[in-house]
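We did not get these values from a lab; they are worked out from the coordinates using the rules stated. The structure displayed is predicted, hence computed values, not measured ones. Every residue, glycine among them, receives a Cβ derived from its backbone with ideal geometry; neighbour counts consider all protein chains shown.
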Amino acid sequence: MSAEIIDGRKVAELTRARVREDVQDWKAKGNRAPFLQVVLVGDDPASKVYIGAKTKACEDVGIETATEILQDTISAKELKSVIRGYNEDNSIDGILVQLPLPSHLSSHDVIETIDHRKDVDGFHPMNVGRLALCQPCFKSCTPAGVMELFKHYSIPVKSKHAVVIGASNIVGSPMSIMLSRENYTGKATTTICHKYTKDLTRHTINADILVVAAGQPHLIKAEMVKEGAVIIDVGINRVADETSEKGYKLVGDVDFGSVQKKASWITPVPGGVGPMTVAMLMKNTLLAAKKSIYPDS
Ligand code: NAD
């Protein structure tokens, strides 16, 4: 068996095309373009690359955006005051604080300062709580992008056994909620694994759907997966590569070469989940501008 490739670039482009059309309709009705305010604290090179991709996507779909770069010495009080300013600014629809933050700042504290109605990343406790309760909310972009991939390829999820590796607040945990809830499209029986899980293979080998978000290069090998499983590789890891100009290459958490031979569907890295994350951010920003999630705001 050789797995079908889940083409995240293609599905992301289709998602962005729909957002582009909706933005045009929205503006044709006399509304201003949606506006995404990005905040970067410090000058982490990887964060700059991610912000570059988000800015490009905004330009592509007709969303306006600005990035404010703040010194990495900024105090929590000062940063929160900047965010409160954005909360009150009616010309800003979505606010995104690029993570990770310097170690003296608490990301929980900073995210909680964002008005949840502008939290297009879906990280605010209000949105996470509403997600858990199956209420309208901004959904975390990466797991929402994975659900969109299932939908696009008509990959059945309902009643399957899904295993999620990784339990972070931004990927693994919301992914497990979206997969497991009876009231979402998920409806899967879901197991969550993390670094304290004993005998990972005992769980992965039984997965009809395996979502891996551990940040561990090539953690998942062919012998750990069930024949015909659907494999979603969220991991993005830099590993040294002398043949590349940059001196590194990006690999996922799955040993693609061997696992591809056993799976029915698989996402590549790069070109799988990554582009979907940015596309879902565009979708959330448009929803924020249209006040679709929180109409009374
Ligand atoms: P994180 O470090 O916050 O969380 C990692 C999780 O994996 C933790 O719950 C940890 O317990 C678990 N884990 C670590 N090693 C494990 C092991 N050996 N066995 C089982 N569980 C293990 O990371 P994160 O922010 O959730 O990101 C995970 C990966 O996904 C990273 O590679 C990150 O770069 C990538 N990522 C990709 C996208 C995208 O758009 N494709 C978005 C966000 C994160």
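Some values worked out for this structure:
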item	result
Helix-derived mean residue ellipticity, 222 nm - over the chain, DSSP H n ≥ 4, -39500 (n - 2.57), to 500	-11500 deg cm²/dmol
Positive minus negative residues near SER81 (Lys, Arg vs Asp, Glu; Cβ under 15 Å)	-4
Gyration tensor (Cα) of region 231-297, equivalent ellipsoid semi-axes in angstrom	34, 17, 7
Inter-label distance, nm, simple model (7 Å from Cα along the C-beta direction), ALA53/SER244	1.2 nm
Net charge of neighbours whose Cβ lies under 12 Å from the Cβ of LEU14, counting Lys and Arg as +1 and Asp and Glu as -1	+3
Label-point separation in nm, GLU227 to THR185, each point 7 Å along Cα→Cβ	3.0 nm
Fully extended contour minus Cα-Cα distance, from ALA46 to HIS104, at 0.36 nm per residue	19.0 nm
Charge dipole (debye, nearest 20) of region 24-134; +1 at Cβ of Lys and Arg, -1 at Cβ of Asp and Glu	280 debye
Dipole of region 1-44 [Lys/Arg +1, Asp/Glu -1 at C-beta], most positive-end residue of THR15, SER2, VAL39	THR15
Charged-residue dipole, Cβ positions (Lys, Arg, Asp, Glu), region 84-152 about Cα centre, Debye nearest 20	260 debye
Distance histogram in 10 Å bins (all Cα pairs of the chain, percent per bin)	6, 27, 34, 24, 8, 1
Magnitude of the charge dipole, the chain, Cβ model with Lys/Arg +1 and Asp/Glu -1, debye to 20	780 debye
Candidate lysines for bridging to LYS27, where Cα separation is under 23 Å - those fewer than 8 sequence places away on the same chain excluded	LYS54, LYS56, LYS118, LYS283, LYS290, LYS291
Cβ-defined net charge surrounding THR113, 15 Å radius [Lys, Arg +1; Asp, Glu -1]	-4
Per-peptide average of other Cβ atoms within 10 Å, ordering 177-185, 152-160 highest first	177-185, 152-160
Of the DSSP H helices in the chain, those whose Cα atoms cover at least 15 Å axially and whose Kyte score averages 0.0 or more	141-152, 273-289
Bridge type composition, the chain - antiparallel percent by DSSP, nearest 5	10 percent
